[in-house]
Amino acid sequence: MVLNWLANAFKGEEGSEVGQVSELFIHPIRALQPVKMPSSWMLASKGFIYDKGMCMLFKGTNERLKHTMSGYEALCKVEVSLSEDGKVTLKYEDKPDLVIDLNDFKNMENYTVETCPKGFEYCHVGDEASTWLSEIAGKEVRLMFSPEKNTSGELMDIQSLDPVLIIGEASLQDFSKEAGWDVEMERFRPNIVSVNQGAYEDETWQEIQIGEAVLEFDHRCTRCLITNVISTGVRTSETMDTLRRYRPRCEKTNKPVFGSYFTVKTPGLVSPGDKIVLVKRRKV
């Protein structure tokens, strides 16, 4: 496995095509299902527009609902869609649909900025959305968004909380072979799925260009127990067990890694089908 990775990892010289965008995903609400984008989407200075800009905090403590979703697996069954004009629609079984218009968040005077225990700033989306999600979670949560003043200082945009996560299709195939079953890509919540490259080759890219955007390697993504939960809300241990057995560990956290985070050096549109061009190779 290691020899195969090394053989594939250094194919392609700087300035050449090293992959292609196969699929593009946005996660409007952290920990809920992703939305597969059929066409171009704007990659801004801190990440894709609207990606992971909303999350759930427990009422009273303002602690964020953890990635593991332990005890709150039902939330993984919430279906999420995102329209081009900035409307997020949530569906869950026989509940009436919840529609959140992200354009409503632009007027700063309508919201009060709060701070969570970790120092992040949030604004409350509203009682209707929080009640809708609380009924599914079985505990009171508040749906929050992360505000960021735009250049005028008068309006707010939704701030992405994470860099861009890239995972290669070849990496998933290699991992599935080790796991002994077809592992779903959605378990790992990438923004960009890439093809036409060797397994784990994204770990060797220091700087790449995709469409109009330029991205720079930040760190490999450490994995938590949310990878054990699928969209039906069922939790099993196989995915994380395989990650721990098969993948390298982060030196700081001792958690297994899968996928690579990239920060945005130059914003721009990214589309399915875009070539991934290597600007600079990372020393590994």
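The values are calculated or read from the model by the stated rules, or taken from the named source; none is laboratory data. These figures come from a predicted structure and were not determined experimentally. When we count neighbours, we look across all protein chains shown, and the Cβ atoms used for this are built from the backbone with ideal geometry, even at glycine. Please note that ligands, DNA and RNA were not included when accessible areas were found on the heavy atoms of the full protein model with its side chains. Shrake-Rupley method; radii C 1.70, N 1.55, O 1.52, S 1.80 Å.
Evaluate the following for Lys87: is it in contact (Cβ under 8 Å) with a residue 60 or more places away in the chain and among the charged types (D, E, K, R)?
When the stated conditions are applied, Lys87 does not pass them.
Can you name the residue in the stretch 198-242 that is under 18 Å from Gly180 (Cα atoms) and out of contact with any Asp or Glu (no Cβ under 8 Å at 6 or more places or on another chain) and is also surrounded by the most Cβ atoms within 10 Å (Cβ to Cβ) among such residues?
Looking at residues that are under 18 Å from Gly180 (Cα atoms) and out of contact with any Asp or Glu (no Cβ under 8 Å at 6 or more places or on another chain), I get Thr239.
State whether the residues of the stretch 33-40 include one that is out of contact with any Gly (no Cβ under 9 Å at 6 or more places or on another chain) and closer than 16 Å to Ser146 by Cα.
no
Can you work out which of the residues in the stretch 90-109 that are touching a Ser or Thr at 6+ places or on another chain (Cβ under 9 Å) and part of a strand (DSSP E or B) is nearest to Tyr50 (Cα to Cα)?
Only one residue fits best here, namely Ile100.
Sort out which residues of the stretch 50-61 are part of a loop (DSSP other than H, G, I, E, B) and either surrounded by fewer than 20 Cβ atoms within 10 Å (Cβ to Cβ) or in contact with a helix residue (DSSP H, G or I) (Cβ under 7 Å, 6 or more places away or on another chain) (or both), and write them in order of number.
Tyr50, Lys59, Gly60, Thr61
Any chance you could count how many residues in the stretch 184-197 are open to solvent by 10 Å² or more (accessible area, probe 1.4 Å) and either modelled with pLDDT of 95 or more or assigned to a loop (DSSP other than H, G, I, E, B) (or both)?
Total meeting the criteria: 5.
Going through Gly126, Gly119 one at a time, which residue ends up being modelled with pLDDT of 80 or more and under 30 Å from Phe217 (Cα atoms)?
Selected residue: Gly119, the only one of Gly126, Gly119 that is modelled with pLDDT of 80 or more and under 30 Å from Phe217 (Cα atoms).
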